[in-house]
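Working notes, structure below.
The values are calculated or read from the model by the stated rules, or taken from the named source; none is laboratory data. Bear in mind that the values here come from a model prediction, so they are computed numbers and not experimental data. With ideal geometry, Cβ positions are generated from the backbone for all residues, glycine too; neighbour counts draw on all protein chains shown. Accessible surface areas use protein heavy atoms only, side chains included; no ligands, DNA or RNA. Shrake-Rupley method; radii C 1.70, N 1.55, O 1.52, S 1.80 Å.
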Amino acid sequence: MCYALAFFIHISFSLYMTELGYSSILLATMLSIVSGMLLLTRFIIPRIINRAYCHKAMIISTAASVIGAAVFFYAPGLSPLKAFCYTVLAIGGYQVQMSLSDPWIMKIMETDKDMDYGKVRSFGSIAYAVAAVAYGWALTKFGIGIAFWSILVFEVVQLAISLTIPDERVKMSTERKGSSWKAILKKPLFLIFVGCYLFPTSIYALLDSYMPVLILEKGGNSFQAGLSSFVMAGLEFIFLMFYSKVADKVGTRKIIVISMIGYAVKAFAVSLAPTPELVIAACVTQIISFCLFMPSIVRFIQETNTPEEAASAYSLLQVIDSLFSTVFTNPVAGLLKGSLGTGPMLCVFGILSAISGVIFLMLTKDREWAAE
């Protein structure tokens, strides 16, 4: 349900703002605020996980998302304050939910060794796929008036499901107490990964945020924006099932490099496509980008850190990612979009992702790939 809500609350935000008549400058500003909030959220996620506050966090974040959506869609007038309320409450609440998902899974994986992250993530993708195409069609047919009620229903259902998931307090062993961010930052391989990870994750986030805008700019509609997400998430559902087998044969290092270059291919493919239909067709490049990149993050963390360090390393990576998005990615993307356009802006970040992949391959060639 959390992945389904991504399209309702976060991905469709640019579509809501565009269709309601807000400026692209305000949209870029709100996306920068989103990144800043995500940075704060990711600082508190480890505490929520370790102290078994996941259920409480889900209740509070659900209430915030529903209230923020109600203000945005039903308060009279068209003002930046409404957009700000939606950004802080609706998207902020969803960010807590989404930021909890992977660490919560990793927490459960500590005791359930047979859990396959790729397969778990694939079911999130199919939920996203169905939600995207159905919601895109519904928005086109019935209009933006259904948005709030869709968010309300899915948030309530997600909350009910999440309260059934185990949320046990983590036992703070001596080893876990010693697994600080300071110790993890002393690992050269982790630092290399962080440096090369930032641009691929930037283009990943930008493609999600601006894909609906790109389709609208090429003459498309809300249904086609949803259909593009359906295609990508459907491919994720199929190929993430086999990710572990492929990564075992090819190796995590090479998979990471391929995915970073794959994001460049995806950025150019969707940006250069002249029609909405061809943009949707170009989304097949999701196979060599997201399908390889996202599970590789968790795999890298697990392979290069001890079980006691894994959750801390993942949280640290997400904090650095959010900081980078706040101070660099979204401001620069906003400037480039204004001066060059949506497509060229995505291509610039795609090129930086490919360069990151090459650098990562060169710098890790002779390094030991194991938990230190």
At what distance in nm do the modelled label points of Arg51 and Lys245 sit from each other, each positioned 7 Å from its Cα along Cα→Cβ? 4.4 nm
Residues of the chain: accessible area per residue at 1.4 Å, in Å²? 42 Å²
Phe328 and Leu163 label points (each 7 Å along its Cα→Cβ direction) are spaced in nm at 4.3 nm
In this structure, the FRET efficiency calculated for Val358 and Ile287 from their beta-carbon separation, with R0 = 22 Å, to the nearest 0.05, is 0.60
Express in nm, to one decimal, how much length is gained between Ile146 and Ser79 on full extension, taking 0.36 nm for each residue of separation and deducting their alpha carbon distance. 22.1 nm
Which percent of the accessible heavy-atom area of the stretch 209-253 goes to carbon and sulfur, probe 1.4 angstrom? 66 percent
Using the beta-carbon distance between Leu40 and Ile351 and R0 = 41 Å, what value does 1/(1 + (r/R0)^6) give for FRET efficiency, to the nearest 0.05? 0.85
Cα-projected label distance for Lys186 with Ile60, points at 7 Å along beta-carbon direction, nm: 3.3 nm
Considering only Cα-Cα distances, which of the following residue pairs are longer than 28 Å: Lys218/Lys266; Lys187/Lys249; Lys249/Lys337; Lys182/Lys266; Lys245/Lys266; Lys186/Lys254? Lys249/Lys337; Lys182/Lys266
Over the stretch 291-362, with every protein chain in place, what whole percent of the accessible area is carbon and sulfur at 1.4 Å, could you tell me? 76 percent
